[in-house]
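*Asks:* Can you keep this structure in mind? I'll have questions shortly.
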Amino acid sequence: MAFFTDYTTLQATIANYLAREDLTASIPEFIRLAEDRLARDLRIRQMLQVATTTTVVGDSTIEMPYDFLAMKDLHISSTDPVGVLTYQSPSNFFRNTRSTTEGQPVNYTALGSEFQLAPIPSSVYTIQMLYYIKPSYMSSTVSSNLWLANTPDLLLYAALGEAEPFLMNDERIATWAAMYDRGVISLQKSDDEGEFPAHPLTITNSTR
């Protein structure tokens, strides 16, 4: 695989793989589509970020972070013990939670660009969220991002896969798709094994 470390050399590598010198205007589009594809397909530790916000008394909503993709954990960090918030689908949220009464929130759902809490906060609570971010796009002024730093092979395969239909080179689509899919499965497996023990936990009895 060709060596690339930034947005400029990635574009050159894609052009080299495609054996084309006339795609200067199109290659950034292939990369942008590849970045969107990775954001849909991957949830790895490098994408996790912590953010905090505070509730407003009588207001059941808090705003999603601008780069939010998916929630990993949401809890109230200002109470003792920490208050865990449980996700509910929108339909369950309005049918089965105390969404019209006030108290300490115990459930949440996602609506548009906001999270809805139930019960409605009766006090000012500090909410801490651990969520997967959508990395910033690369551009002429952003030379690298999370994808290039952590998944350069998948970024390349995805971009090449986006290029082939444009070039009407359909026989190559399956090749890049297979390499991309294999890489995604391998990376997600590796990430999961890094988060959880490889061997079952054991419980031992102690005496005193």
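*Asks:* Enumerate the pairs (first residue in the stretch 124-136 and closer than 13 Å to Ala51 by Cβ; second residue anywhere and part of a strand (DSSP E or B) and of a type in the set (Phe, Trp, Tyr)) with beta-carbon separation below 7 Å, excluding pairs fewer than 6 apart on the same chain, so at least 6 apart or on different chains.
*Replies:* Going by the 7 Å Cβ cut-off, the qualifying pairs are Tyr131/Phe68.
*Asks:* Among what's in the stretch 65-74 and is assigned to a strand (DSSP E or B) and without any contact (Cβ under 8 Å) to a residue 60 or more places away in the chain, pick the residue that is surrounded by the most Cβ atoms within 10 Å (Cβ to Cβ). Talk me through it step by step, then tell me what you get.
*Replies:* To start, the set of residues in the stretch 65-74 that are assigned to a strand (DSSP E or B) comprises 68-74.
Add one more test, that the residue is without any contact (Cβ under 8 Å) to a residue 60 or more places away in the chain, and what stays is 73-74.
Numbers: Asp73: 12, Leu74: 20.
That would be Leu74.
*Asks:* Which residue is nearest to Gln46 (Cα to Cα), if the candidates are limited to the stretch 167-196 and must be assigned to a loop (DSSP other than H, G, I, E, B) and without any contact (Cβ under 8 Å) to a residue 60 or more places away in the chain? Spell out how you get there, then give the answer.
*Replies:* Step one: list which residues in the stretch 167-196 are assigned to a loop (DSSP other than H, G, I, E, B), which gives 167-169, 196.
Next, from what is left, pick out any that are without any contact (Cβ under 8 Å) to a residue 60 or more places away in the chain: 168-169, 196.
Values: Met168: 35, Asn169: 34, Phe196: 15 Å.
If we take residues in the stretch 167-196 being assigned to a loop (DSSP other than H, G, I, E, B) and without any contact (Cβ under 8 Å) to a residue 60 or more places away in the chain, then Phe196 is nearest to Gln46 (Cα to Cα).
*Asks:* Turning to a different aspect of this structure: With respect to Asp41, determine if the residue is closer than 18 Å to Tyr132 by Cβ, charged (D, E, K, R) and either touching a residue at least 12 places away in the same chain (Cβ under 8 Å) or open to solvent by less than 40 Å² (accessible area, probe 1.4 Å) (or both).
*Replies:* Working: closer than 18 Å to Tyr132 by Cβ: yes; charged (D, E, K, R): yes; either touching a residue at least 12 places away in the same chain (Cβ under 8 Å) or open to solvent by less than 40 Å² (accessible area, probe 1.4 Å) (or both): yes.
Judged against the criteria, Asp41 is a match.
*Asks:* Name the residue that is most open to solvent (accessible area, probe 1.4 Å), counting only residues in the stretch 1-32 that are among the charged types (D, E, K, R), farther than 19 Å from Leu146 by Cβ and not in a helix (DSSP H, G or I). Please lay out each step first, then the result.
*Replies:* Pass one, the stretch 1-32, residues among the charged types (D, E, K, R): 6, 20-22, 29, 32.
Okay, now just the ones that are also farther than 19 Å from Leu146 by Cβ, so 20-22, 29.
Those still in the list that are not in a helix (DSSP H, G or I) too: 20-22.
On the way: Arg20: 86, Glu21: 182, Asp22: 100 Å².
The qualifying residue most open to solvent (accessible area, probe 1.4 Å) is Glu21.
*Asks:* On to the next question. Can you name the residue in the stretch 75-103 that is without any contact (Cβ under 8 Å) to a residue 40 or more places away in the chain and under 12 Å from Asp59 (Cα atoms) and, of all such residues, is nearest to the chain's Cα centre (by Cα)?
*Replies:* Taking the candidates together, the pick is Ser99.
*Asks:* I would also like to ask the following. With the requirement that a residue be among the β-branched types (Val, Ile, Thr) and over 13 Å from the mean Cα position of the chain (by Cα), what does the stretch 127-158 give you? Spell out the reasoning first.
*Replies:* Quick first cut of the stretch 127-158, residues among the β-branched types (Val, Ile, Thr) only: 127, 133, 141-142, 151.
Selection gives Ile127, Thr141, Val142, Thr151.
*Asks:* Taking the stretch 44-61 only, how many residues are closer than 27 Å to Asp192 by Cα and open to solvent by 20 Å² or more (accessible area, probe 1.4 Å)?
*Replies:* Step one: filter the stretch 44-61 for residues closer than 27 Å to Asp192 by Cα, giving 44-52.
The next check asks that each one be open to solvent by 20 Å² or more (accessible area, probe 1.4 Å); those that pass are 45-46, 48-52.
Final tally of qualifying residues: 7.
*Asks:* Is it the case that some residue within the stretch 197-208 is closer than 30 Å to Glu63 by Cβ, loosely packed, with under 12 Cβ neighbours inside 10 Å and at pLDDT below 95?
*Replies:* Just the residues of the stretch 197-208 that are closer than 30 Å to Glu63 by Cβ, to begin with: none.
There is no residue in the stretch 197-208 that is closer than 30 Å to Glu63 by Cβ, loosely packed, with under 12 Cβ neighbours inside 10 Å and at pLDDT below 95.
*Asks:* Yes or no: Leu130 at pLDDT 95 or above and touching a Lys or Arg at 6+ places or on another chain (Cβ under 6 Å)?
*Replies:* Numbers: at pLDDT 95 or above: yes; touching a Lys or Arg at 6+ places or on another chain (Cβ under 6 Å): yes.
Yes; evaluated as a whole, the condition is true for this residue.
The values are calculated or read from the model by the stated rules, or taken from the named source; none is laboratory data. As the structure is a computational prediction, the values presented were derived from the model and not from experiment. So basically every Cβ, Gly included, is an ideal-geometry build from the backbone, and we count neighbours across all protein chains shown. Ligands, DNA and RNA are stripped out before the accessible areas are found, and what is left, the full protein with its side chains, is counted by its heavy atoms. Shrake-Rupley method; radii C 1.70, N 1.55, O 1.52, S 1.80 Å.
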